[in-house]
Each structure stands twice: as structure tokens, then as C-alpha cells.
Amino acid sequence: MAVPMADAGLVDLSAAYPWRTFRWFKGQKHYSGWYWCATDQCSVIYESRLELCRLLYADFDLSVRHIVAQPFMLSARVNGGGCQHVPDLLLITETGPVVVDVKPKDKLEDPVVADTLAWTQAAIESRGWSYEVWSEPPTVELNNRRFLSGFRRAWQFREDLVADLRRADLDNVSIGEATEGLPGWPALRGIRRLKRVLPRFIRSYMKATSDTDHASLSVIIVFFIISIACAL
């Protein structure tokens, strides 16, 4: 159903199915699939690995309340000709809707791509919504989020332990102090024994990886410990 941009309603768009589904065919240049989204507690489609990266970032954004992939098709008259474009994502956030197009950095200088993004931005912002063009993120930051995305499933964690951790003041404390600060969980004290093993593990990790990987190390250690704690 075609409607003027000024009449496009968020209620209908939030419940919309993807305008198009991903395709698989021999020689395809993009890898498409489904991403299990913790924000929506369901799977969301993506048409490329770069779109998957943007989904990861949206899923970690606490201001995002809902994610819609391939939400609608825009049709417009540009320089006397007809144009159509399907944005990649619609993010319903606390501060309003954000329409996202995902493009590799090396494609942004392409005149056709630049023109499409320009008239799309004008159309979206004329509705009072925000528009974003998103490209490749920092590698280490992306790797951390990929790793942490495995911990976004609430059923993997004990709710009572998570509640106690949230109430505890754990800023700038050691592992030993943190476990002692949770008297209702005596089994956590055994985690302190890991301090005998971690230095050896860290030295091995630093020797076997590049400098760009080292920033991921602290995050990996913290969530390794939390995983053990939640299994107790």
C-alpha cells in the first residue's frame, strides 16, 4: 500500500514485514541470513555481513526499542526521473525513529550511491525522522560486540544472581572483593582461584595475538568469569 511520506505511521511500520527477503543464488556477493535479536526476542533478516554488524550495534543500544529490517520502499521524483529505494533498517528508539542505510566506505563516493543516499536523507528528514548512513566500525570494537552477543540471551543467566550483581557496588574492585561482596553466593569465592591461572593465560594470549586483539582480552576474561558464576 502506497502512502505519502507525511502520512507514514510508526504503528504500521513497526509491525511491517521486510519489504523484500534475502536471496541465495550461485555467485552471490553478499552473505544473507537471520540474526537472533535480543531487543525484539526474535530473528531479524540481514542482506550482507555489514548489515549484520549494524544489527549487532543496534541490539546493544539501550535506547533502541524495536528493529525492523527492510521496512519500506521509498518512491520519489528526482531531477525529473522516478527513483526507488529500500532502506536497510528502521530503529524505533527512545528519542524517535532512525532510518539506517548500510554502505561500505568504498562505495560512498560512487555518484549513483551518493545521489540515492542524498534524496533518501531529504525524504526521511522531511518527515521529522533521523537518518543515518553506517559503514565499517572499528575492528576491535566489533569483535568485542560479536563475542558479547552470545551473552544477550536472558535464559542463560540466573535472575537472582543477576539481580544481586546489579545491586552490588562493583566499580573499581578486584575479583576477590567482588565475590566477597556477595555473601548470598558463597560458591563464587572459588572464582578467586582463577587468579592463579589468569596471568599465565594472559601471557600466552599476548604472545599469540596481534596488538589490535589485546583490547578484547579484558572483556573476554570478565565474561568468562561471569559465565562460570552463572553455572554455579
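Structural remarks
- For the stretch 150-170, the tally of residues that are of a type outside the set (Gly, Ala, Ser) and in a helix (DSSP H, G or I) stands at 11.
- When the stretch 7-27 is filtered for residues that are among the hydrophobic types (A, V, I, L, M, F, W, C) and free of Cβ contacts under 8 Å to residues at least 40 places away in the same chain, the ones remaining, listed by number, are 11, 15, 22, 24, 25.
- Residue in the stretch 113-124 that is touching a Lys or Arg at 6+ places or on another chain (Cβ under 8 Å), in the same structural domain as residue 55 (by TED's automatic domain parsing) and of a type in the set (Val, Ile, Thr) present: yes
- Residues that are surrounded by 20 or more Cβ atoms within 10 Å (Cβ to Cβ) and within 15 Å of residue 149 (Cα to Cα) within the stretch 36-50 comprise 37, 44, listed in sequence order.
- Taking the stretch 125-157 as the range and being over 14 Å from the mean Cα position of the chain (by Cα), of a type in the set (Phe, Trp, Tyr) and not assigned by TED's automatic domain parsing to the domain that holds residue 74 as the test, the residues that pass are 155, 157.
- Per-region count, the stretch 111-149, residues in a helix (DSSP H, G or I), without any contact (Cβ under 8 Å) to a residue 60 or more places away in the chain and among the small types (Gly, Ala, Ser): 3
- The residue of the stretch 142-160 that is modelled with the lowest pLDDT, among those that are in contact with an Asp or Glu (Cβ under 8 Å, 6 or more places away or on another chain) and within 17 Å of residue 40 (Cα to Cα), is 152.
- The set of residues in the stretch 30-60 being farther than 20 Å from residue 16 by Cα and aliphatic (A, V, I, L, M) consists of 50, 56.
The values are calculated or read from the model by the stated rules, or taken from the named source; none is laboratory data. All figures in this text were calculated on a predicted structure; none of them were measured in a lab. As a convention, Cβ positions derive from the backbone with ideal geometry for all residues, glycine included, and neighbour counts pool all protein chains shown.
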